[in-house]
Amino acid sequence: QVQLVESGGGLVQPGGSLRLSCAVFGRTLSLFATGWFRQAPGKEREFVAAITWGGGTQTYGDSVKGRFTISREYVTNEVYLQMDSLEPEDTGVYYCAADRGSIAASSNPDIWGQGTQATVSS
């Protein structure tokens, strides 16, 4: 069994940065990929980024390419989402996800964290 715990959300001004963290606990050897999704009020869930657990291959949603970076710390089993050049449209609850298969925009991963709020506002 795998559990995910997110942290690092908060309030930031447009153009600023935030770094989200996802601590991964449990049977991590069973995982193929971890990723981040977000959901804004009144909108559907949106794929943000994913990284393969073993090889570090990264994929990004179109709206965050060039601004966000996903990475993985192998010693502590944490996954990070570095968010730069933030825009008000990036506001939402960010969820860490994990799966025994690949994660992409059309995916519905098996395992989810509780979510962390990121708000971009002046």
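The values are calculated or read from the model by the stated rules, or taken from the named source; none is laboratory data. Nothing here was measured: the structure is a model prediction, and the numbers come from that model. Here Cβ is always computed from backbone atoms with ideal geometry, including for glycine, and neighbour counts include all displayed protein chains. These area figures cover heavy atoms from the full protein model, side chains too; ligands, DNA and RNA do not enter into them. Shrake-Rupley method; radii C 1.70, N 1.55, O 1.52, S 1.80 Å.
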* Asked: Round to a whole number: what % of the accessible area of the stretch 1-77 belongs to carbon and sulfur, probe 1.4 Å?
  -> 50
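Let me have the relative contact order for the chain, percent, based on Cα pairs under 8 Å that are six or more residues apart.
Values: 308 pairs, mean separation 43.7, N = 122.
It comes to 36 percent, rounded to a whole number.
Find the accessible area per residue for the chain; the probe is 1.4 Å, ligands and nucleic acids are left out, and the unit is Å². Spell out each step's value before the answer.
On the way: 6200 Å² over 122 residues.
Computed with neighbouring chains in place, this is 51 Å² per residue.
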* Cβ charges +1 (Lys, Arg) and -1 (Asp, Glu), total dipole of the stretch 1-86, debye -> 60
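Give a quick list of trypsin sites (Lys or Arg not before Pro) in the stretch 60-119 that DSSP marks as loop, anything other than H, G, I, E or B, with at most 12 other Cβ atoms within 10 Å. Walk me through the numbers before you get to the answer.
Working: sites: Lys65, Arg67, Arg72, Arg100; in loops: Lys65, Arg67, Arg100.
Here the trypsin sites (Lys or Arg not before Pro) that fit, given the DSSP loop and packing criteria, are Lys65.
Roughly speaking, what is the stretch gain from Thr119 to Ala104, that is 0.36 nm per residue apart minus the C-alpha to C-alpha distance, in nm to one decimal? Before the final figure, lay out each step's value.
Working: separation 15, 0.36 × 15 = 5.40 nm, distance 2.40 nm.
The span from Thr119 to Ala104 would gain 3.0 nm if fully extended.
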* State the Cα centre-to-centre distance between the stretch 90-122 and the stretch 31-73 in whole Å. => 7
